[in-house]
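Data block below; observations after.
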Amino acid sequence: MNQDPLARIAGNAEVVADHTWPGTSTTVTRLRTHGGREMILKTNTNADSFARELHALRTWAPALGPRAPQLLDADPTRHALLTTVVPGVPLSTLSPAVDEERSAYRQAGALLRFFHNAGPRRHLPTFGPDRAAYIRAQLAHGTDPLTPEEADTARHALELLDAMPGQQAQPSHLDFTSRNLLWDGERLGVIDFETSRYEAVGRDFLRIRQRTLNERPDLYTAFHTGYGREPDTEEGRLIRVCEVTDAAAIAVTATRNGQLAFATEAHRTLHTAFQRWPPKARTAAADAPGP
């Protein structure tokens, strides 16, 4: 592409809203043409995040239809994506009635199942050791702000992750939370595929459990009713371990990078996981499935 994506693809469109999330390298703007057509222009300074989202939009998002952004064009040199607009606003900004909220989470479960089925499963023979190595690299320069007990629990969880056998993998969103779930009062949509990739079956339940489902049994039931099943024993074990390792890594790296909101959220998540996995019952807790 030799022209700016806005000029070449969107023509006379103008920016009508800025949906950029504070503290990130991504910019998200809503455009509108003189004819009234609306689109989303998204740019990302991270090449890997751009590549993952572009692949997901090309390969898996079409299975979700209008409930996910549909790719209109892309500029790999500028990490720019032009997509359709998904109706609604983030669930995280709403306070819906209980019945409406349960309906939204049932739809969320069904939507995630469609996404997981958008590609054939693969086998990841070294998922556990690879993931453990990635997390250890995040912790290599210190574990501040973790307490000694939290750091010890994270190390034990990494040992369990390291010892895991090969895992089946499926297309996974990996940031499937209320922030990226858009609700228009009747239908749910999902956005933000920057972290999407093939990942071990079960890990895609992690974020939504941490952020919402662990504290709301009614929404846990609604979500998994929509999905069609609950995590099995092996998935539950994986979730338990990754709940600790992921939160520890995010708390440490976000603190180091000055991303205080992300650090606070991650440390709160880790604290909850730590309380659910007390030092004297670590192995038993790691082996326990379910919420």
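The values are calculated or read from the model by the stated rules, or taken from the named source; none is laboratory data. As the structure is a computational prediction, the values presented were derived from the model and not from experiment. Here Cβ is always computed from backbone atoms with ideal geometry, including for glycine, and neighbour counts include all displayed protein chains. Calculation scope for accessible area: heavy atoms of the full protein, side chains included, ligands and nucleic acids excluded. Shrake-Rupley method; radii C 1.70, N 1.55, O 1.52, S 1.80 Å.
Okay, here's what the table says:
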quantity	calculated
Of all residues making up region 114-136, the number that are open to solvent by 60 Å² or more (accessible area, probe 1.4 Å) and either modelled with pLDDT under 95 or not in a helix (DSSP H, G or I) (or both)	7
Residue that is farthest from Glu265 (Cα to Cα), among those in region 137-166 that are in a helix (DSSP H, G or I) and open to solvent by less than 30 Å² (accessible area, probe 1.4 Å)	Leu161
Test: residue in region 171-188 that is β-branched (Val, Ile, Thr), over 27 Å from Ser103 (Cα atoms) and touching a helix residue (DSSP H, G or I) at 6+ places or on another chain (Cβ under 6 Å)	no
Count - residues of region 181-214 that are under 10 Å from the mean Cα position of the chain (by Cα), surrounded by fewer than 22 Cβ atoms within 10 Å (Cβ to Cβ) and closer than 12 Å to Ala108 by Cβ	0
